[in-house]
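One structure is given here, and the rest of the page talks about it.
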Amino acid sequence: MTLVFSSQLTEADHLRQAFVHTISAEAKQIPRSPTRQQINQFASLVPHISETATTCLDWLADDDLIHPFLGLGYFYEGQANYIQAEPWLIAGSDIAKNRLGRQHPDVATLLNTLAELYRIQGRYREAQPHYSQALSIRETQLGATHLDTAVSLSDLAGLHKAQGRYAEAESGYLKALAIQKGEIGAEHPNIATTINNLATLYDSQGRYSEAEPLYLEALAIWKHHLGMEHPNIAACLGNLGLLYRNQQRYNEAEPLYLQSLAIRSGQLGEDHPETAISLNSLAGLYSLQERYGEAESLYRKALAIRELQFGTEHPLVAQSLNNLAVLLDRHLQRYDEAEQLYLRSLSIRESVYGNNHSEVANSFYNLAGFYTVQGRYREAETSHLKSQGILTNCLGSEHPITAMVKQNFEDFLEKVIQENQIGMLSNHATTEESLHSILSRENR
C-alpha cells in the first residue's frame with residue numbers, strides 16, 4: 001500500500017477517503033443473518049461495498065479494512081449464497097494479512113468468520129484449521145484470558161460438537177466460560193450465552209440432569225439483565241422446552257414453547273424468522289402429542305414466514321418442507337404430497353450445500369423410510385446408502401448419528417429378508433456385505 005500523507009491529499013482525495021469510510025461504516029451494519037427486508041435494504045450498497053473492497057483499498061483506513069469484506073460475506077451468507085460469500089472472506093483475510101500482519105486480531109476475525117461459513121456448509125475439515133489459527137492469533141496477541149479468545153474457544157467447541165467430539169466440545173465451552181467469568185463476572189449476559197451452549201451440548205448427549213440447571217441459570221441471568229421480553233429469553237425458553245420434549249415431559253414443554261412464541265411474535269413481529277423457529281418447535285411438540293391438525297397449521301405458518309423472509313431456495317425453507325413432509329408421511333398418510341415436499345427439500349439442500357452435508361443425508365434418510373413404507377425397496381436402498389455414505393464421509397463412521405443410520409439400514413434389510421424381497425435390491429457392495437452379515441447371524 002502507498003502511504004499518503006494528509007498534507008499531500010487533494011480535495012478529491014479527501015472526498016474519496018470520506019466515501020470509503022462511509023461505505024465501510026455501512027458495511028459494518030450488515031447483520032450476520034439478514035432478513036429479506038435487510039437484504040433489500042443493503043442491496044443497493046453492495047456494488048459500492050464491492051468497489052471499496054477491490055479498487056479503493058488504498059483509501060481505506062486500517063481500522064475500516066475488514067468491514068467491507070465481512071459485510072459482503074454476511075450479505076451473501078445470509079441468503080445461503082455460500083459460493084459468493086467465500087471469496088470475499090478469503091480475499092479479506094489475505095489482504096488483512098498483507099497490510100496488518102499475519103498475527104493481527106482483525107485477521108483472526110476474518111478467519112473465524114470463514115471457519116463459521118465452512119461449518120455451516122458441513123465442511124468441517126476446512127473449518128478446523130481456520131478456527132485453530134484464529135484462536136492461536138487471539139491467544140498470542142490478545143492473551144489467553146481475552147474475551148475474543150473465549151469466543152474462539154466457544155466457536156471451536158461448536159465445531160467439535162457437530163463432529164461428535166463431545167469431550168473436546170465440553171472442554172472448549174468450559175474454558176470459554178472460565179475466561180468470561182474471570183473477565184466480566186458470573187452474572188454478565190454474555191456468560192449466559194456460553195452456559196446455554198454448554199447446556200445444548202449436554203442435551204444432545206442425553207445428559208438431561210446436567211443440561212436443565214444450566215438452561216435455568218442462563219434464563220435467570222438474561223431475565224435479570226434483559227427483562228422478560230427479550231429475544232434471548234425466547235431462545236432459552238425454546239431450548240428448555242426441547243429438553244423437556246426430549247424427556248417426554250410434554251406438559252412442561254408446551255407452556256415454554258408458547259411463551260417463547262409470544263415473546264418473539266410480540267417483540268420481533270409475526271413474520272420474523274425467529275418467530276418461525278418457535279412455530280416449528282411447537283408444531284413438533286404437537287406432532288408428538290398426536291395433535292396433527294394443529295401441527296400441520298403451525299408447520300405451514302413457519303414455512304410461509306421462511307419463504308417470505310429468505311426466498312424459496314433457502315436451507316431453512318428446506319427444513320420446514322422436510323418437517324411438513326414427515327408429518328404428512330408418517331402420521332397423515334398423504335404420501336403423494338409428502339414425497340413432493342421431501343424431494344423439494346432435498347433439491348434445495350443439494351443446491352445449497354452440495355452432495356456431502358449432513359442435511360442432505362437427513363433428506364435421504366427420511367426418503368429411505370418413506371420408500372420403505374411404500375414397498376419401493378430399491379429406491380429405499382439407494383436412499384439408505386446415500387445417507388450412510390455422506391455421514392460416514394463428513395462425520396466419520398464412529399459418530400452416533402452415523403451409527404444410528406447404519407443400524408437403521410440393517411433393520412431395513414432384515415425387513416426385506418423377512419418379506420422375501422431380496423431380489424428387489426441391487427448388488428451394491430455395502431448391501432451385499434450387510435446382507436451376508438445378517439444372514440450369517442440368522443443361520444447360527
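All of the numbers you see were taken from the coordinates with simple rules; none came from a lab. Please read all numbers here as calculations on a predicted model, not as lab measurements. Ideal geometry is used to build each Cβ from the backbone, glycine not excepted, and the neighbour counts take in all protein chains shown.
The table below lists the values:
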read-out: Linear extension gain, Leu15 paired with Gln29, 0.36 nm per residue minus alpha-carbon span; value: 2.9 nm
read-out: Peptides 103-109, 328-334, 288-294, 153-159 ordered by average Cβ neighbours within 10 Å, highest first; value: 153-159, 103-109, 328-334, 288-294
read-out: Three-way shape label, segment 247-324, alpha-carbon gyration tensor, a/c 1.5; value: oblate
read-out: Separation of alpha-carbon centers, segment 10-26 and segment 32-76, rounded to whole Å; value: 14 Å
read-out: Rounded if a/c under 1.5, otherwise prolate or oblate - segment 187-309, Cα gyration tensor axes; value: oblate
read-out: Between 0 and 90°, nearest 10: helix 335-353 axis offset from the chain longest Cα axis; value: 30 degrees
read-out: Listed candidates [x] 89, 49, 40; [y] 70, 62, 44; [z] 110, 56, 49 - label of the one calculated as Cα extents along the principal axes in Å; value: [x]
read-out: C-alpha long axis of helix 189-204 to longest principal axis of the chain, angle in °; value: 20 degrees
read-out: Helical mean residue ellipticity (222 nm; -39500 (n - 2.57) per DSSP H run of 4+; nearest 500) of the chain; value: -25500 deg cm²/dmol
read-out: Peptide ranges 161-170, 429-438 listed from the most packed, as the mean C-beta count within 10 angstrom indicates; value: 161-170, 429-438
read-out: Net lengthening on full extension, Lys223/Arg125 (0.36 nm per residue, minus Cα-Cα); value: 31.5 nm
read-out: Of Asn81, Asn356, Asn251, the one that fluctuates the most in a GNM where the chain has Cα springs shorter than 10 Å; value: Asn251
read-out: Two-site FRET efficiency, Ile184 against Leu100, from Cβ-Cβ distance with R₀ of 30 Å, rounded to 0.05; value: 0.65
read-out: For segment 142-213 and segment 85-122, distance of Cα centres in Å; value: 23 Å
read-out: Normalised contact order of the chain, rounded percent, pairs of Cα under 8 Å and 6 or more residues apart; value: 8 percent
read-out: Contour excess over end-to-end distance, with Cα ends at Gln421 and Ala61 and 0.36 nm allotted per residue; value: 122.6 nm
read-out: Rounded Å value of the spacing that divides the Cα centres of segment 405-444 and segment 228-246; value: 42 Å
read-out: Rounded to 10°, Cα long-axis angle of helix 358-373 versus longest principal axis of the chain; value: 20 degrees
read-out: Cα gyration tensor shape of segment 281-350, rounded if a/c is under 1.5, else prolate or oblate by comparing a/b with b/c; value: oblate
read-out: Violating pairs (Cα-Cα greater than 24 angstrom) within the set Lys97/Lys175; Lys28/Lys161; Lys28/Lys97; Lys97/Lys181; Lys161/Lys181; value: Lys97/Lys175; Lys28/Lys161; Lys97/Lys181
read-out: Cα-based Rg of segment 356-444 normalised by 2.2 N^0.38 Å, two decimals; value: 1.04
